[in-house]
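Heads up: the structure comes next, in structure tokens.
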Amino acid sequence: MNSDQSLIILNLVSSYFVIIPIVFGIVYKVRTKPSIKPIFLLLIISLVVEFISTFLSYQNYNNIAIINLFTFVEFLFIVLFYKTFFDAFLKTKIHYVLILLFSLLIIFTTILSNNIKLIDNLSVSIEAILLIFYSLFSLFIIMKNLIYEDL
């Protein structure tokens, strides 16, 4: 096996590794835990996007538009996950405002670039920054309220 074949196999294994948490979610009945449901749905959508992207790349089609759309879907489901976490402590509409602003950002950057077949680096960067803030704020809430005994 040459290095190109090894890279293809490694790419496929890493892309479809998401199947393992999906199986665990099915086995441990994610439906009984509504707080984890957005993440479980995100995993399933991620798997579908991987299938479609892999298929399109093998057909020599540009799959960047699907990846750009997935950026919004990913942000949506992660924000909904954090919303269920934060609602136990502080109910606010900021999550919906962030979803709206992020969707407007994606639309604006797509129109600005005038090409849907380019990776939207600005939206991906803003998404990463917002999710880092969500993570830090949730850690702050966990530490302040001592939610878990053994963090």
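The values are calculated or read from the model by the stated rules, or taken from the named source; none is laboratory data. Just so it is clear, the structure is predicted and the values come from calculations on it, not from any experiment. So basically every Cβ, Gly included, is an ideal-geometry build from the backbone, and we count neighbours across all protein chains shown. Each accessible area value is taken on the protein alone, full model and side chains, heavy atoms only, with ligands, DNA and RNA left out. Shrake-Rupley method; radii C 1.70, N 1.55, O 1.52, S 1.80 Å.
Going through the stretch 14-60 one residue at a time, which ones are more than 22 Å from PHE81 (Cα to Cα), among the hydrophobic types (A, V, I, L, M, F, W, C) and open to solvent by less than 80 Å² (accessible area, probe 1.4 Å)?
Passing the criteria: ILE52, LEU56.
Which members of the stretch 30-64 meet the condition of being in a helix (DSSP H, G or I), closer than 17 Å to ASN11 by Cβ and at pLDDT 85 or above?
Matches in the stretch 30-64: SER46, LEU47, VAL49, GLU50, PHE51, ILE52, SER53, PHE55, LEU56.
Could you list all residues from the stretch 94-144 that are among the polar types (S, T, N, Q), open to solvent by 100 Å² or more (accessible area, probe 1.4 Å) and either at pLDDT 90 or above or part of a helix (DSSP H, G or I) (or both)? Talk me through it step by step, then tell me what you get.
Here is the first cut: in the stretch 94-144, the ones among the polar types (S, T, N, Q) are 103, 109-110, 113-115, 121, 123, 125, 135, 138.
Cutting the leftovers down to open to solvent by 100 Å² or more (accessible area, probe 1.4 Å) gives us 114, 121.
The answer is ASN121, and nothing else.
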